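To start, the structure itself, in structure tokens.
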Ligand code: DP6
């Protein structure tokens, strides 16, 4: 009976949503603890989520990872296994685990999933391991897996604090406003479904080691963060969009100036930048942001969604469009059932 009870307690499932940064995280102040060199502000996305089940089992000899129904590659499995070592050491347990993780968005759509993945994993695994964490502790834990995952712990508008402490105890995310605060939409324009050559971790490190603009990028971030908080507080859409676009292009310019330069865009990405600006000249309230990949994310308010969707439907080079409003906090699905 004891065994049965223990096994029952060591299982949990959690759901977390992806997020997109309006003020970008790019650069690390500590690689081992994954501490960001800058704060960031994001919105959590309702239509993109990851559901993850974790089961600790003393019979397992190594951690197992299933991604969207198939065993993950060795590199991914090891990244997750290193993360599970943190959980085991905090919970003082030794059992290996089986992790089953599923995205609700199309696999291979060229969308980053480490934010929702590590937020869901942090919540499910801490619960399964019997840890009771505060939201800050949960965000700190998710950050160890992936910096942007620290933000996916919360819904709505979220700010990640860069923190000052060497141990990372003050590098966690906080919610600025819940999802219902403002009916913003993100339209994700997918321009490529190919695996990118350089991930965000590698891209950041190369940028901080070689880009002559890196110092300037870092030194301006607090001002951008302050301005974005203000734009959100006032629900000033033009200000939010203009600033998000500025910050994204600045991040890319800094990465492009690395040696060798890091260029995440394809031709369609560039065409879309021009098109968004053309639409604005015609009076359309739409802005863009771009992460470490070729997809363009449009930022708009709810009433513009249909028109924009139609406008970009047949744009050459766009493979798929996903529309999403803002989403909720990460949550447990069926705790220890
Ligand atoms: C461009 O969170 O993927 O999307 O902490 O190394 O896992 P690691 O990086 P990651 O970086 C995200 C970079 C970005 C901007 C952002 O989301 O803020």
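Listing for the model above:
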quantity: Scope segment 284-309; condition over 20 Å from the mean Cα position of the chain (by Cα) and either more than 18 Å from residue 184 (Cα to Cα) or in contact (Cβ under 8 Å) with a residue 40 or more places away in the chain (or both); matching residues; calculated: 285, 286, 301, 302, 304, 305, 308, 309
quantity: Test: residue in segment 189-209 that is away from the ligand (no atom under 13 Å from the Cβ) and over 20 Å from the mean Cα position of the chain (by Cα); calculated: yes
quantity: Test: residue in segment 239-258 that is away from the ligand (no atom under 16 Å from the Cβ), more than 23 Å from residue 31 (Cβ to Cβ) and in contact with a strand residue (DSSP E or B) (Cβ under 7 Å, 6 or more places away or on another chain); calculated: yes
quantity: Contacts under 6 angstrom Cβ, first residue in segment 223-241 being in a loop (DSSP other than H, G, I, E, B), partner surrounded by 13 or more Cβ atoms within 10 Å (Cβ to Cβ), 6 or more apart; calculated: 235/182
quantity: Count - residues of segment 144-185 that are within 21 Å of residue 299 (Cβ to Cβ) and surrounded by fewer than 24 Cβ atoms within 10 Å (Cβ to Cβ); calculated: 13
quantity: Subset of segment 17-30 [over 23 Å from residue 226 (Cα atoms) and either near the ligand (Cβ under 7 Å from one of its atoms) or in contact with a helix residue (DSSP H, G or I) (Cβ under 7 Å, 6 or more places away or on another chain) (or both)]; calculated: 17, 18
quantity: Matching option when the condition is crowded, with 22+ Cβ neighbours inside 10 Å and either more than 13 Å from the ligand (Cβ to nearest atom) or under 20 Å from residue 20 (Cα atoms) (or both), among 94, 126; calculated: 126
quantity: Index of the failed condition, residue 65 passing every other in (1) within 11 Å of the ligand (Cβ to nearest atom); (2) part of a strand (DSSP E or B); (3) farther than 23 Å from residue 329 by Cβ; calculated: (1)
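Where a number appears in this text, it was derived from the coordinates with a stated rule and is not lab data. The structure presented is a predicted model; accordingly, all values stated were derived computationally and were not measured. Quick reminder, even Gly has a Cβ in these numbers, built from the backbone with ideal geometry, and neighbours come from all protein chains shown.
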